[in-house]
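Worksheet for the structure shown next.
The values are calculated or read from the model by the stated rules, or taken from the named source; none is laboratory data. Since this is a predicted model, take the numbers as computed values, not measurements. Reconstructed Cβ throughout: ideal geometry from the backbone, glycine too, with neighbour counts over all protein chains shown. We work out accessible area using only protein heavy atoms, side chains counted, and drop any ligands, DNA or RNA first. Shrake-Rupley method; radii C 1.70, N 1.55, O 1.52, S 1.80 Å.
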Amino acid sequence: MKELNTDLFDPRTTLMEPDFSRAVTPSADADGDDFGFAFNDSNFSDRLLRIEIMGDTPESRPDSEACTSIADWARHRKRRREDIKKENILDLAECPEEQILNDNQPDMDDCEGCENQDEEAVAMVEESPSGDEAANSNDSDWGMDCSTVVRVKTLHISSPILAAKSPFFYKLFSNGMRESEQRHVTLRINASEEAAVMELLNFMYSNTLSTTTAPALLDVLMAADKFEVASCMRYCSRLLRNMPMTPESALLYLELPSSVLMAEAVLALTDAAKQHLAVRYKDISKFFEEVMALPLAGIEAIISSDELQVASEDAVYDFVLKWSRTHYPKLEERRDILGARLARYIRFPYMTCRKLKKVLTCNDFDHEAASKLVLEALFFKAEAPHRQRILAAEESATLNRRFVERAYKYRPVKVVEFDLPRQQCVVYLDLKREECANLFPSGRVYSQAFHLGGQGFFLSAHCNMDQQSSFHCFGLFLGMQEKGSVSFAVDYEFAARSKPTEEFISKYKGNYTFTGGKAVGYRNLFAIPWTSFMADDSLFFINGVLHLRAELTIKQ
């Protein structure tokens with residue numbers, strides 16, 4: 001309201017451009033103008049709002065009277081969506097021609113004229129000065145069924161107050177339409193929306209709500225989204241965020257209609273929901289069946305987390321494939337979901353080369369997309385460690401975190417393989433200082449598996465006692481995965497980068513005939529106590545990273 005001397009309640013006054021960006025939060029109610037005294041008061045109003053309340057069945061009512069918990073609210077919403085979808089299939093021929101998006105019958109959620117029908121889109125109709133109502137005209141019934149009006153409420157409203165809080169009302173009162181010139185405006189809603197709409201209208205005057213239950217706040221949030229009242233959406237979002245979160249409520253917040261999710265006002269709420277799911281299900285193996293039953297929004301929240309506790313990124317890939325095959329049995333649908341939604345959360349650069357080869361031949365992925373993902377992963381693996389850290393740091397501040405390493409149970413390794421003149425592989429394992437510190441006093445960390453001559457091997461770093469049991473020290477071991485009774489004779493060499501040259505220096509050489517499940521190595525790789533190994537002036541940590549190398553050669 002830029003002209004303070006203007007009569008805001010004069011219907012002939014031209015409405016000034018409002019500031020819709022203004023935020024109202026539960027902790028800052030006093031900062032906003034409180035016009036609660038003017039709500040439904042003819043002395044402070046310039047219009048009459050006639051609210052026609054349409055009948056709907058008790059089963060379709062998701063408001064706080066019919067629901068006592070988030071679970072009830074979610075079940076009612078789901079049932080209502082299913083009922084509306086059935087109705088839409090029968091009424092498709094009645095949709096205006098321009099609402100049909102293509103020759104194929106669209107998902108009704110994508111039909112512009114039928115959008116958000118589980119919320120029953122509000123129909124605004126004018127009311128002439130003579131009292132002749134256009135409430136039943138075809139033009140005024142978009143998005144509505146043919147339910148009868150069960151009751152009517154009439155409120156005195158101030159168009160400047162509503163217009164200042166909502167672009168919806170601002171356009172309604174200032175766009176030159178007949179409604180903007182009339183004193184009477186009719187709003188048509190379903191009975192299930194009545195409580196939420198009344199709360200919303202009161203909020204637009206007073207900047208506060210009387211309702212405190214989660215289901216009721218969700219209904220107000222939906223109404224606020226429909227009428228574009230961003231301040232109320234922020235208010236509801238904050239109250240919901242401060243309530244105890246459950247997996248069920250978190251999924252409900254993530255599955256709100258896209259128009260709500262896109263609103264900045266609820267980003268904090270959806271972020272909190274994602275974080276709740278990511279923390280609860282960070283160890284997928286403990287809740288495997290429960291996680292397998294989650295919808296797409298829940299899976300995205302879980303696999304996008306840096307804190308996911310899995311054996312390796314290979315396990316994430318295998319899980320995503322299993323989940324998508326279960327929920328999307330049709331290949332075409334599965335390819336769309338993997339390509340457009342889930343592949344971005346799989347960190348292909350940290351998958352093993354053997355698994356990346358399988359990606360190239362996996363029919364669940366579009367071949368061109370799979371080739372691009374694998375090529376990017378291989379280029380990352382070929383980068384020098386410092387370049388990898390730079391790429392990861394650059395992406396850590398973005399939504400795309402494919403170069404950011406998770407806390408894997410088995411540490412990723414870089415492997416270089418040779419077939420000639422002898423079968424040989426060189427394996428590089430990097431451990432951060434804090435990872436090594438966490439090994440004390442008797443911990444161990446395992447590498448991902450790597451292969452030589454068709455057999456799987458792994459490295460394991462230990463904190464253990466020296467052979468005389470006089471002090472703790474750092475040990476490195478080489479093991480062969482259990483696979484029958486195959487014997488394998490291998491020459492091996494352990495090396496580590498060391499200051500001041502920062503070159504790899506050989507620390508131990510040996511040979512061993514492996515059988516399944518056996519391991520060999522050196523209990524005190526650096527021939528120093530643990531305290532010296534972990535000291536600030538240690539020769540073996542370069543920029544906080546311990547660089548280890550193992551060279552394996554099959555004996556002829």
Quick one: Lys171 ticks every box in (1) within 15 Å of Val229 (Cβ to Cβ); (2) among the basic types (Lys, Arg); (3) at pLDDT 85 or above except a single one, so which number is it? (3)
Quick check on this structure: which one of Val220, Val150, Val229, Val185 is of a type in the set (A, V, I, L, M, F, W, C) and open to solvent by 30 Å² or more (accessible area, probe 1.4 Å)? Val150
Elements of type helices (runs of 4 or more DSSP H) in the stretch 267-383, at least 2 residues being acidic (Asp, Glu): 288-292, 313-327, 331-337, 367-382
Considering only residues of the stretch 508-517 that are under 46 Å from the mean Cα position of the chain (by Cα) and surrounded by 15 or more Cβ atoms within 10 Å (Cβ to Cβ), which is nearest to Ala489 (Cα to Cα)? Phe514
Can you tell me which residues in the stretch 200-210 are in contact with a helix residue (DSSP H, G or I) (Cβ under 7 Å, 6 or more places away or on another chain) and either in contact (Cβ under 8 Å) with a residue 40 or more places away in the chain or surrounded by 22 or more Cβ atoms within 10 Å (Cβ to Cβ) (or both)? Leu200, Phe203, Met204, Tyr205, Ser206, Asn207, Thr208
Would you check which residues across the stretch 289-337 are under 19 Å from Val279 (Cβ atoms) and among the aromatic types (Phe, Trp, Tyr) and list them? Phe319
Could you grab the pairs with beta carbons closer than 8 Å, sequence gap of 6+ or different chains, first residue in the stretch 366-394 and closer than 30 Å to Arg335 by Cβ and polar (S, T, N, Q), second one open to solvent by 60 Å² or more (accessible area, probe 1.4 Å) and assigned to a helix (DSSP H, G or I)? Ser371/Leu360
Search result, residues across the stretch 475-499 that are loosely packed, with under 13 Cβ neighbours inside 10 Å, more than 42 Å from the chain's Cα centre (by Cα) and under 28 Å from Pro441 (Cα atoms): Lys499
Within the stretch 208-232, the residues that are within 30 Å of the chain's Cα centre (by Cα) and not in a helix (DSSP H, G or I) are Thr208, Leu209, Thr211, Thr212, Thr213, Phe227, Glu228, Val229
Pair list, Cβ < 7 Å and 6+ apart or interchain, from the stretch 450-477 residues that are within 20 Å of Met351 (Cβ to Cβ) to residues that are hydroxyl-bearing (Ser, Thr, Tyr) and assigned to a strand (DSSP E or B): Phe458/Tyr446; Phe458/Ser447; Leu459/Ser447
On the basis of being surrounded by fewer than 22 Cβ atoms within 10 Å (Cβ to Cβ) and either in the same structural domain as Glu307 (by the TED database) or modelled with pLDDT under 95 (or both), does Thr246 make the cut? yes
So Leu539, is it open to solvent by 70 Å² or more (accessible area, probe 1.4 Å) and among the hydrophobic types (A, V, I, L, M, F, W, C): yes
If the requirement is being among the aliphatic types (A, V, I, L, M), at pLDDT 95 or above and touching a Cys at 6+ places or on another chain (Cβ under 8 Å), which of these qualifies: Leu321, Leu331, Leu375, Leu294? Leu321
Quick test of your reading of the structure: Tyr345 fulfils all but one of (1) more than 24 Å from Glu383 (Cβ to Cβ); (2) surrounded by 19 or more Cβ atoms within 10 Å (Cβ to Cβ); (3) touching a helix residue (DSSP H, G or I) at 6+ places or on another chain (Cβ under 7 Å). Name the failing condition by number. (1)
The condition from (1) in a loop (DSSP other than H, G, I, E, B); (2) outside the structural domain of Phe540 (by the TED database) that Glu394 misses is numbered (1)
Qualifying positions in the stretch 305-338 - among the hydroxyl-bearing types (Ser, Thr, Tyr) and either over 23 Å from Tyr350 (Cα atoms) or surrounded by fewer than 18 Cβ atoms within 10 Å (Cβ to Cβ) (or both): Thr326, Tyr328
For residues that are among the hydroxyl-bearing types (Ser, Thr, Tyr) and touching a helix residue (DSSP H, G or I) at 6+ places or on another chain (Cβ under 7 Å), tally how many sit in the stretch 211-224. 1
For Val520, indicate whether it is buried (at least 16 other Cβ atoms within 10 Å of the Cβ), among the aliphatic types (A, V, I, L, M), assigned to a strand (DSSP E or B) and touching a strand residue (DSSP E or B) at 6+ places or on another chain (Cβ under 9 Å). no
Would you pick out the residues in the stretch 189-199 that are over 20 Å from Ala263 (Cα atoms) and open to solvent by less than 10 Å² (accessible area, probe 1.4 Å)? Ile189, Asn190
Scan (1) farther than 17 Å from Asp306 by Cβ; (2) touching a helix residue (DSSP H, G or I) at 6+ places or on another chain (Cβ under 7 Å) for the single condition Arg402 breaks and write down its number. (1)
Given (1) touching a Phe, Trp or Tyr at 6+ places or on another chain (Cβ under 7 Å); (2) closer than 18 Å to Val320 by Cβ; (3) not aliphatic (A, V, I, L, M), index of the condition Phe380 fails: (2)
